[in-house]
Each structure stands twice: as C-alpha cells, then as structure tokens.
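Report on the structure given below.
The values are calculated or read from the model by the stated rules, or taken from the named source; none is laboratory data. For clarity, every value in this text was computed on a predicted model and none was experimentally measured. When we count neighbours, we look across all protein chains shown, and the Cβ atoms used for this are built from the backbone with ideal geometry, even at glycine. SASA here: full protein model, heavy atoms, side chains in, ligands and nucleic acids out. Shrake-Rupley method; radii C 1.70, N 1.55, O 1.52, S 1.80 Å.
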Amino acid sequence: QLRPIKRVAFEGPVTGRRFYGCPVQENGVNCGVVEWVDGPWPTFLQRCLCKLWEMFHEQNFGRVQDKQKFEKELSRLKSEHERELAKLRTENDKLCIEYTKLVDDVSKMFDWQDGRVDKKVYQKQVEEEELEKKKKELEEKAMLEV
C-alpha cells in the first residue's frame, strides 16, 4: 500500500526506460513489482543497446585484466626493490665498518709516528685485527656453504 518510486532502467535492452518500482527494499532487494511508464523500445534499438552493453563489459573486463597485470608487475618490482635495498643497506653497513677501521688505523699510525705507542703494541694490534678479519671471512664462507 506504499507509493511506488519512479526510476530509470540502466542496463540491457531496457536502458533508459522509466518505470515504477516497489519502494520497500530489504538488503538491496525489492519485491520485483515493476510497472513500465514508457513503451518497449523498437527491436533495432534494443539490439543496439545490447551490443553497446556487450562492448562496455568487454572493455571493462579488459581494464580489470590490465589492472591485475599492473598490480602483479608492481608487486614484483616492489619485492625486487626491497631485495636491492637490503643489499645496499648491507653493503653500506660493511663500508661504514671499514671506514671506521681505516680511521682507527690512521689514528694509530699517527700515534705510532709521534711515539705515543710502542711498536710492539702496535704490531700486536695489527696482527689481532688481521686474525679477526680472517676469522670473519671464514665464518662468511662457512655460512655460504651451509
């Protein structure tokens, strides 16, 4: 007993036709009662509308596929970027450590030249550093083999 709502069809061969529909909707679905305001379109126009909607859906499907390809490529590039970034960070860390060691070595060399450090103490430190370096290299080789 409610007043119907005037609407316009927007898909298929009835596109553009006005109708009265049920105002009650539960979860987006109404009772399905329709009273057409406009008469049916000519057959030729209905076929044209069907063809237009078919073309629209084909084009839309192509866009969906293109979007999926784009998202797949984008995720591949992101993961590639993350791996490359991790490599660069690791390399940067190694370079920072080496730079710090070089600065320490130069400081020790100047101290040694100025006579602040005994030659034997300096030689012992250099040997310890070389042993530590060899130890790290062997550990890295072992990790790579594992």
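Can you pull out the residues in the range 12-33 that are on the phi > 0 side of the Ramachandran plot and in contact with a helix residue (DSSP H, G or I) (Cβ under 7 Å, 6 or more places away or on another chain)? Break it down into steps so the answer makes sense when it comes.
Taking the range 12-33 and keeping what is on the phi > 0 side of the Ramachandran plot, we get 12, 16, 27-28, 32.
The answer is Gly12, and nothing else.
Considering each of Arg76, Arg47, Arg89, Arg83 in turn, give the residue that is within 30 Å of Arg17 (Cβ to Cβ), in a helix (DSSP H, G or I) and not assigned by the TED database to the domain that holds Arg17. Break it down stepwise before answering.
Numbers: Arg76 fails: within 30 Å of Arg17 (Cβ to Cβ); Arg89 fails: within 30 Å of Arg17 (Cβ to Cβ); Arg83 fails: within 30 Å of Arg17 (Cβ to Cβ).
Answer to the selection: Arg47.
If you go through the range 66-80 one residue at a time, how many are among the acidic types (Asp, Glu) and modelled with pLDDT under 90?
Of the range 66-80, the ones among the acidic types (Asp, Glu) are 66, 71, 73, 80.
Subsequent filtering for residues that are modelled with pLDDT under 90 retains 66.
So the answer is 1.
Out of all the residues in the range 6-31, which are outside any loop (DSSP other than H, G, I, E, B) and open to solvent by less than 60 Å² (accessible area, probe 1.4 Å)? Talk me through it step by step, then tell me what you get.
Filtering the range 6-31 down to residues outside any loop (DSSP other than H, G, I, E, B) leaves 6-8, 12-14, 18-21, 26, 29.
The answer is Gly12, Pro13, Val14, Phe19, Gly21.
From the list Arg83, Arg7, Arg63, exactly one residue is within 43 Å of the chain's Cα centre (by Cα), modelled with pLDDT under 95 and within 30 Å of Lys136 (Cα to Cα). Which is it?
Numbers: Arg7 fails: within 30 Å of Lys136 (Cα to Cα); Arg63 fails: within 30 Å of Lys136 (Cα to Cα).
Going through Arg83, Arg7, Arg63 in turn, just one is within 43 Å of the chain's Cα centre (by Cα), modelled with pLDDT under 95 and within 30 Å of Lys136 (Cα to Cα): Arg83.
For the structure I just gave you, tell me whether Arg63 is open to solvent by 60 Å² or more (accessible area, probe 1.4 Å), free of Cβ contacts under 8 Å to residues at least 40 places away in the same chain, basic (Lys, Arg) and outside the structural domain of Glu137 (by the TED database). Break it down stepwise before answering.
Values: open to solvent by 60 Å² or more (accessible area, probe 1.4 Å): yes; free of Cβ contacts under 8 Å to residues at least 40 places away in the same chain: yes; basic (Lys, Arg): yes; outside the structural domain of Glu137 (by the TED database): no.
So Arg63 fails the test.
Can you say whether Asp114 is within 28 Å of Glu128 (Cβ to Cβ) and exposed (fewer than 10 other Cβ atoms within 10 Å of the Cβ), as far as the supplied structure shows? Steps first, answer last, please.
Details: within 28 Å of Glu128 (Cβ to Cβ): yes; exposed (fewer than 10 other Cβ atoms within 10 Å of the Cβ): yes.
Yes; evaluated as a whole, the condition is true for this residue.
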